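Trainee: Dropping the structure in here first, questions after.
The values are calculated or read from the model by the stated rules, or taken from the named source; none is laboratory data. For clarity, every value in this text was computed on a predicted model and none was experimentally measured. With ideal geometry, Cβ positions are generated from the backbone for all residues, glycine too; neighbour counts draw on all protein chains shown. Quick note on the areas: whole protein, heavy atoms, side chains included, nothing else; ligands and nucleic acids left out. Shrake-Rupley method; radii C 1.70, N 1.55, O 1.52, S 1.80 Å.
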Amino acid sequence: MCYNNLYKKMLPCFLIIAVSVLIFTYQPSTAHADKPEIQISVKSSPDAQYSSSRKLSCVLLNGTKDYEKKYAFQATDVTLHASCHGENMDFILDTSGNLHKSNGKMVELKPKARTELLNQARLLRSQHYGEPLHWSEVNELLPRLAKFTVIDLETGLRFQGQRRAGSSHADVQPLTKSDSETMKKIYGGKWSWSRRAILVESNGRSFAASMNGMPHGGDGIPDNDFKGHFCIHFIGSTTHSKNNVDLGHQIMATKASGTLSALMMRLTPYQIIDAYFLAGHYRDQGLMSALMLVSSTNVTPIFSGDKIVKHRILEPAPDHVSELAVDIPVESCEVHSGTCINKSTKVFHLRRLTFVDAWQIENISQL
């Protein structure tokens, strides 16, 4: 009887303790799941699977102004996903430090928050991209037989390679069968001459570079399932045969350094057109978008499927040329079994806002 009475008296205490333990152990996981935060990310192109990210505080969004009017803006490669104030929001950062929603509305930050966000974006970009070193420097840092890691900036896949030869650029081979398999996977399971933006990591440093994916020339590493070598170019490197600077490799090397927009400002209208066809061959939608004006919505498609397109640039009529606008006719055809078919001539309408802006394609029309 005495024990029964004691049990009845203590039972409420046991229940309170048990409930308290459950609440205590449950609360941290709930708080963690609902923790407000901003994730800032950098990618070399909108569709890239490889990205660099970090967490920021929602305090950055305090006191923001949301403008209803849609503004044209120069987008960067920096995006933000915010889970703040009970909302999930996605933004694109512009070069001035303002944020833009998918509906086109602009969000203006306070000056202190804008400075902090731009600093964080700058730091993240420096971690994501490679050093834009000239070939003359890289040639010394990566001597013959040097081994290093290659990282594809679009897929994030990586493999080990070794420099075997090359004086104007690096002639490289994958080290093992597994490395060759990974490299082939980067190219969609089929060897290709297409240039891709890559990082070359060696001795704690990361260099911006460009590679092609076609085995050719001399071999040197047996039993790696790669018959020949492939080429890695860096900023300022040239081809072996003609000692020419390869536009495709230079575009991809600067893309790997995060400085593609600076290169585009130096390209002539003719080089912009060449870059357009390269982007089509490489199936690089990010590069294609960078070459087009934001307002370019009715552009005649030239590339579809896996067809190979050759082009020849013609001289524009004198009355179609100015410092801010030029209309250039271009002949193109599809290549089938070495023969050009479906020949056509289209006019590329290129524009720029000022003398120091990059040329971009406003429209492509049928002649």
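Trainee: Restricting to the stretch 228-250, what's the tally of residues that are in a helix (DSSP H, G or I) and open to solvent by 10 Å² or more (accessible area, probe 1.4 Å)?
Mentor: Of the residues in the stretch 228-250, 2 are in a helix (DSSP H, G or I) and open to solvent by 10 Å² or more (accessible area, probe 1.4 Å).
Trainee: Continuing with this model, one more query. Output the residue which, of all residues in the stretch 43-94 that are open to solvent by 40 Å² or more (accessible area, probe 1.4 Å), of a type in the set (S, T, N, Q) and closer than 29 Å to D284 by Cβ, is modelled with the lowest pLDDT.
Mentor: Q74
Trainee: On to the next question. Of everything in the stretch 154-164, what is touching a Leu at 6+ places or on another chain (Cβ under 7 Å) and either open to solvent by less than 10 Å² (accessible area, probe 1.4 Å) or among the acidic types (D, E) (or both)? Give them in sequence order.
Mentor: G161
Trainee: Condition test on S210, is it open to solvent by 10 Å² or more (accessible area, probe 1.4 Å), assigned to a strand (DSSP E or B) and among the small types (G, A, S)?
Mentor: no
Trainee: So how many residues does the stretch 133-153 have that are within 19 Å of the chain's Cα centre (by Cα) and crowded, with 20+ Cβ neighbours inside 10 Å? Full working, then the answer.
Mentor: Step one: list which residues in the stretch 133-153 are within 19 Å of the chain's Cα centre (by Cα), which gives 133, 149-153.
In the following step, the residues that additionally are crowded, with 20+ Cβ neighbours inside 10 Å were identified as 133, 150-153.
So the count comes out to 5.
Trainee: Another one. On the given criteria, is T149 in contact with a strand residue (DSSP E or B) (Cβ under 7 Å, 6 or more places away or on another chain) and of a type in the set (S, T, Y)? Steps first, answer last, please.
Mentor: Numbers: in contact with a strand residue (DSSP E or B) (Cβ under 7 Å, 6 or more places away or on another chain): yes; of a type in the set (S, T, Y): yes.
Considered against the rule, which asks whether it is in contact with a strand residue (DSSP E or B) (Cβ under 7 Å, 6 or more places away or on another chain) and of a type in the set (S, T, Y), T149 comes out as yes.
Trainee: From the residues in the stretch 167-181 that are part of a loop (DSSP other than H, G, I, E, B) and at pLDDT 95 or above, which one is farthest from G228 (Cα to Cα)?
Mentor: Out of the qualifying residues, it is S168.
Trainee: Those residues that are open to solvent by 60 Å² or more (accessible area, probe 1.4 Å), within 17 Å of S96 (Cα to Cα) and in contact with a strand residue (DSSP E or B) (Cβ under 9 Å, 6 or more places away or on another chain), I need them from the stretch 114-132; list them, please.
Mentor: E116, L123, R125
Trainee: Kindly evaluate G97 against the criterion of being open to solvent by 70 Å² or more (accessible area, probe 1.4 Å), small (G, A, S) and free of Cβ contacts under 8 Å to residues at least 40 places away in the same chain.
Mentor: no
Trainee: Return yes or no: is P329 of a type outside the set (A, V, I, L, M, F, W, C), modelled with pLDDT of 90 or more, assigned to a loop (DSSP other than H, G, I, E, B) and farther than 30 Å from L153 by Cβ? Quick ask: steps written out before the conclusion?
Mentor: On the way: of a type outside the set (A, V, I, L, M, F, W, C): yes; modelled with pLDDT of 90 or more: yes; assigned to a loop (DSSP other than H, G, I, E, B): no; farther than 30 Å from L153 by Cβ: yes.
Answer is no for this residue.
Trainee: Against the definition (under 27 Å from A208 (Cβ atoms) and either polar (S, T, N, Q) or in contact with a Cys (Cβ under 8 Å, 6 or more places away or on another chain) (or both)), how does T339 come out, yes or no?
Mentor: Judged against the criteria, T339 is not a match.
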